[in-house]
Each structure stands twice: as structure tokens, then as C-alpha cells.
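Report on the following structure.
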Amino acid sequence: MQFTINRDALLKPLQMVSGAIERRHTLPILSNVLLEVTEAGLSLTGTDLEVELVATTDAITVQSPGRITVPAKKLLDICRSLPEGSDIRVQLQGDNCILTCGKTKFTLSTLSASEYPNLESWQGEVDIQLNRMQLRKLLDDTAFSMANQDVRYYLNGLLFEVDNGAVKAVATDGHRLALSSLELPGFTAQQKQIIIPRKGVLEVMRLLASDDQLVTLSLGQNHIRLTDSNYVFSSKLIDGRFPDYRRVLPRNSTKLVTAHRSVLKDACTRASILSNEKYRGVRFTLSNGELQVVANNPEHEQAEEIIEVEYQGDSLEIGFNVGYLLDVLNTLATDLVVLHLNDANSSALVEGVGNVGASYVVMPMRL
């Protein structure tokens, strides 16, 4: 195997696949990146057995094809250290991979490509075509609500649902829930639900650009695949049953509160300074035309702020985890938000005025 490639042309796909590679793994070959050279170009593969990322580039000069694995982090650090715009010559000599750039030479150890694990081949049951911006919005709207290392393993990921010409993303950690839906005109497919693991979701968010170029999502029985113009990302799915999110969404709310998002966010941010560090509780007290935000802590310190809101009705006192509220307010980009409330023991539904498709549920706290 021997080829020549520009440093910048190698660095970009190498950075892509490095996100899928675990640095500390019991199998040494999983710390390596697989390099495959053909007449068509170079493909780089990284995997941790749960997710797999294959990136390609055709900006190379091939002297002889071949395939080998080399330490991913060392190769990435070498590429970063070389001058921009320089050319790198890569060749296999025995059990070593030799990288030459000008008068600089590196010798890397290798492991056989035949030992490199690949996710098994599978067929997608549902193919969805949408643009990068649409997919990014679905994930940006919801990913922050995923659980992290919860014993309820099915919460450590994101529900992706296809139903009646729409795709939905749902995430919950048991204390709050985020839902984002996207209508796809002309799209018809069988109803399907899958749970994408947390690492897979974060990896896709890292890779996705924010433009209108089309990508394809293939949903299988045990895998999901994202095909973009210069990479293919695959992930195993979580085998479990996601809670019925429809039962969690509050309905027929009796109290509607409309507030300026930035004003409410700033009030919550200030109150959080003196909230209990462990429970992060704040108390909302509603009365006609105003909302009082109060936080206390065990040191008997208190923060209090009153803001103007659109509300007419009976007074209400309800507690929330301020961190959960701030996550929602930071995610929404609208000028106005609406809080749908019932009583002190019922969940709140938060939506942005004009933000179609995104809804958030926050459980109340007893203070």
C-alpha cells in the first residue's frame, strides 16, 4: 500500500472518524483506524463496536492499493502537527506504516486489517430523506433531555419515530421530556420506533452541518445508518421499550402563561445563583399579570424577582428544578414562550410561540 495525500485532505476525514474510536479499549485494534486504499480513493473507518463511521476522500494519488490499521490518535496528532498544505506520503513496509512529509518521517506500528471488526451488513426497513438542517433541528430540540447512565437503559438514548408522514424525536430522563416533530410532505412509510443510543446521537450532532444538503436515514431492525456526501455513520440501537410519551403530555391546561423568553430566562438564571445546589428548586407564584420567581438555600439566603407576564386567573404556586427550565429556555429561540399549567402537582408544558413541532414537559417539585 502506498499513496500521497495533502495533509488537509487527510485531516478532515480523520477528525470525523476519531469521534467513534474509544481510546481506552480492551481490544487494542479498536484504538486503530482502518485505512483502505483503492483506485477510487481512501476510506477511513473507526468503530467501538456500537457505532461505526466511514469517511472517504478521493483527493489522493494512489501508487498501490491496500488496507491496514494504524493508531488513530497518533495519526491524528501527527497530521495536526504537520504544516498546512503539505503533502504526506504513506507507505507500508513490513509491519510498519511510514509517513513522510518533507524531511519529517514517522514510523507507526500496525495491526492487520483482516482483524478489524465491521458492523454486520443489514438492510434498512425505512429510508427517510431530509436535509441536514431538518435533522439537526430534531436533535438540537431534544437531545439535552436524554438520560445519562440511568439504570433504565432505554432512557439513555433518543426515541426516533416514523408515523403518518412525520418523523418525531423524543427524549426523557424521567424528570423532563422533549418532543420535536417534522412533517415530510409526500413521505409515506410504515410506523416504526427505534431508540438511538446517547453516543450515536451526540456523534451525529457533531458531524451534521447546518445547511440544506440532503442526507438519508436508514432505519433497520437493530441499526440506524446516516449517509451523507462524504461519510456513512452507523449505530446499533438500544433494545428496549420507550415509555409512551403521549401519556405524559399535559392536556386541557386551565392556566396559560405567556412570557418573554429572555426575561424569564434571565430571572431564572439570577434565581439559580441562590438555589439549593443539590435540588436546584425555584418557586413560581402566579397572579394576574405577574410572575414571582423565588429561590432559597440551606444557608437561609433568598433570591426574589417579579416579572410581567400575560396571565389572568387564580393564583398558583408551583416549584421546578431551575436547571430543567433553563435547558428548555436556552433551546427555544422564540421571543415568547407559553407555559401550560394546571395545579401545583401537575407537569408544565412549555412551548415557544411560533416554534412549530417542539414541546417540552417539566415535572413539578415540592419545595
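The values are calculated or read from the model by the stated rules, or taken from the named source; none is laboratory data. What you see is a predicted model; the values in this text were computed from it and never measured. Note that each Cβ is placed from the backbone with ideal geometry, even for glycine, and that neighbours are counted across all protein chains shown. SASA here: full protein model, heavy atoms, side chains in, ligands and nucleic acids out. Shrake-Rupley method; radii C 1.70, N 1.55, O 1.52, S 1.80 Å.
Explain nothing, just the number: dipole magnitude of the stretch 78-214 about its Cα centre with +1 on each Lys and Arg Cβ and -1 on each Asp and Glu Cβ, in debye rounded to the nearest 20.
480
Cut-off under 14 Å on the C-alpha distance; same-chain residues fewer than 8 positions from Lys168 excluded. Which aspartates and glutamates are left, in chain and number order?
In chain and number order, the partners are Asp140, Asp141, Glu183, Asp244.
Find which of Thr69, Gln91, Ala143 sits farthest along the positive direction of the dipole of the stretch 65-146, computed with +1 on the beta-carbon of Lys and Arg, -1 on that of Asp and Glu, about the Cα centre.
The Cα lying farthest towards the positive end belongs to Gln91.
Once you list every other residue whose beta carbon is under 11 Å from the beta carbon of Gly319, what net charge do they have if Lys and Arg are +1 and Asp and Glu are -1?
+2
Under the √(5λ) rule applied to the eigenvalues of the Cα gyration tensor, what semi-axes describe the equivalent ellipsoid of the stretch 72-187? Give them in Å, descending.
43, 19, 18
For the stretch 261-367, what is the convex hull volume of the alpha-carbon atoms per residue, in Å³?
92
In whole Å, how far is the Cα centre of the stretch 150-229 from that of the stretch 1-71?
For the stretch 150-229 versus the stretch 1-71, the Cα centre distance is 26 Å.
For n ≥ 4 DSSP H runs only, could you compute -39500 (n - 2.57) per run for the chain, divide by its residues and tell me the 222 nm figure to the nearest 500?
Only helices count here, giving -5500 deg cm²/dmol.
What's the long-distance tail for the stretch 223-298, i.e. % of Cα pairs beyond 22 Å?
59
Taking just the alpha carbons, could you work out the radius of gyration and Dmax for the stretch 104-258, both in angstroms?
18.0, 72
At 0.36 nm per residue, and after removing the present C-alpha to C-alpha distance, how many nm does the segment from Ser86 to Gln149 gain when stretched out fully?
Length gained between Ser86 and Gln149: 18.4 nm.
Quick one: net charge around Asn222, please, counting Lys, Arg +1 and Asp, Glu -1 for every other residue with C-beta under 12 Å from its C-beta.
Taking every other residue near Asn222 into account, the sum is -2.
Using a 1.4 Å probe and counting only protein heavy atoms, arrange Asp343, Asp228 so the residue with the most accessible area comes first.
Asp343, Asp228
Let's see if you can work this out: charge +1 on each Lys and Arg Cβ, -1 on each Asp and Glu Cβ, no other charges. What is the dipole magnitude of the chain about its Cα centre, in debye to the nearest 20?
Charge dipole, the chain, about its Cα centre: 800 debye, nearest 20.
Suppose the Debye formula is applied to equal point scatterers at every Cα of the chain; what is log10 I(q)/I(0) at q = 0.06, 0.11, 0.12 Å⁻¹?
Normalising to I(0) and taking log10 leaves -0.31, -0.84, -0.93.
Beyond 20 Å between alpha-carbons counts as too far, so tell me which of Lys199/Lys236; Lys137/Lys236; Lys137/Lys199; Lys192/Lys236; Lys12/Lys73 fall in that bin.
Going by Cα-Cα distance, Lys137/Lys236 fall outside the 20 Å limit.
How large a share of the accessible area of the chain, in percent, is made up of carbon and sulfur atoms when the probe is 1.4 Å and the other protein chains stay in place?
So the carbon and sulfur contribution to the accessible surface is 46 percent.
Roughly how compact is the stretch 147-226, stated as its Cα Rg over 2.2 N^0.38 Å to two decimals?
1.14
Using a Förster distance of 56 angstrom, determine the FRET efficiency expected from the C-beta separation of Asp343 and Leu184, and round it to 0.05.
0.90
Rolling a 1.4 angstrom probe over the protein chains, ignoring ligands and nucleic acids, what is the accessible area of Asp127 in square angstrom, nearest 10?
90
Probe of 1.4 angstrom, ligands and nucleic acids ignored: what's the accessible area per residue over the chain, in square angstrom?
In whole numbers, the chain has 49 Å² accessible per residue.
With +1 on each Lys and Arg Cβ and -1 on each Asp and Glu Cβ, and nothing else charged, work out how big the dipole of the stretch 260-338 is about its Cα centre, in Debye to the nearest 20.
Value, rounded to 20: 280 debye.
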